[in-house]
Amino acid sequence: MKLYSDVGVQRFGQVIGDLLLVGWIALCTALGLTVFKLTDALGAPGRKAAEAGDGLAEDLRRMSEPVGKVPAVGDQLRAPIDGAANAAVKLAEAGRDQAHAVEQLAYLLAGVTIGLPVLFAVLIWLPRRIRFSRRATAAQKFIDNAADLDLFALRAMANQPMQRLAKISDDPVTAWREGDPAVIAQLADLELRSSGLRAPQPDGRASEARV
């Protein structure tokens, strides 16, 4: 599989584009992590409330046990303490729920911050790279030596803009039919460069004229 062009300017653009894509992904990832940290920090009060509620509930339970052993009035004295312990447990649960909700929001915002820009960039750049790779790999199979230039010269007359063909020859079709090596080489080079390939060096043998 051919990933990069043999043509210097085109290859340079591809390398720069790939590096920019990698840099963009890194930037979006760093920004997403920052968003996650900033958002998750909003859950700190909930986590602290949960810790405080758990600690208070545990302290009240410890206090409740000896108070409950007081003769005659132990149960009456223990009841409000147990009620306070239960309230502390609910406070801790509310704090955990709030912290969990903030954490889920942080993950969501971080995912959107990273995912959407990266996906947008990949959908723009990756199809172009895939199309180039498939086209260049396929073309490379047909270009072994200068004798294969006829095929690409023919493709150039079918695919390339008319103004480019006119710069090579006033009548490229006739030149191709007559086997004009100079015109064929220029046409083939024009098509090959659009596929990211360079024409092979001439082998010194003249092309045979077509009837």
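What the table shows:
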{"quantity": "Within region 1-51, tally of residues that are surrounded by 16 or more Cβ atoms within 10 Å (Cβ to Cβ) and free of Cβ contacts under 8 Å to residues at least 60 places away in the same chain", "calculated": "4"}
{"quantity": "Candidates Arg198, Arg205, Arg210, filtered to the one that is surrounded by fewer than 16 Cβ atoms within 10 Å (Cβ to Cβ), modelled with pLDDT under 80, in contact with a Leu (Cβ under 8 Å, 6 or more places away or on another chain) and not hydroxyl-bearing (Ser, Thr, Tyr)", "calculated": "Arg198"}
{"quantity": "Positions within region 52-63 being surrounded by fewer than 13 Cβ atoms within 10 Å (Cβ to Cβ) and of a type outside the set (Lys, Arg), in sequence order", "calculated": "Gly55"}
{"quantity": "Test: residue in region 66-80 that is outside any helix (DSSP H, G or I), open to solvent by 90 Å² or more (accessible area, probe 1.4 Å), small (Gly, Ala, Ser) and at pLDDT below 90", "calculated": "yes"}
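The values are calculated or read from the model by the stated rules, or taken from the named source; none is laboratory data. Treat the numbers as computed from the prediction; the structure is a model and nothing was measured. Don't worry about glycine lacking a Cβ; one is built from the backbone with ideal geometry, like all the others, and counts go over all protein chains shown. What goes into the accessible areas is simple: the full protein's heavy atoms, side chains included, and nothing from ligands, DNA or RNA. Shrake-Rupley method; radii C 1.70, N 1.55, O 1.52, S 1.80 Å.
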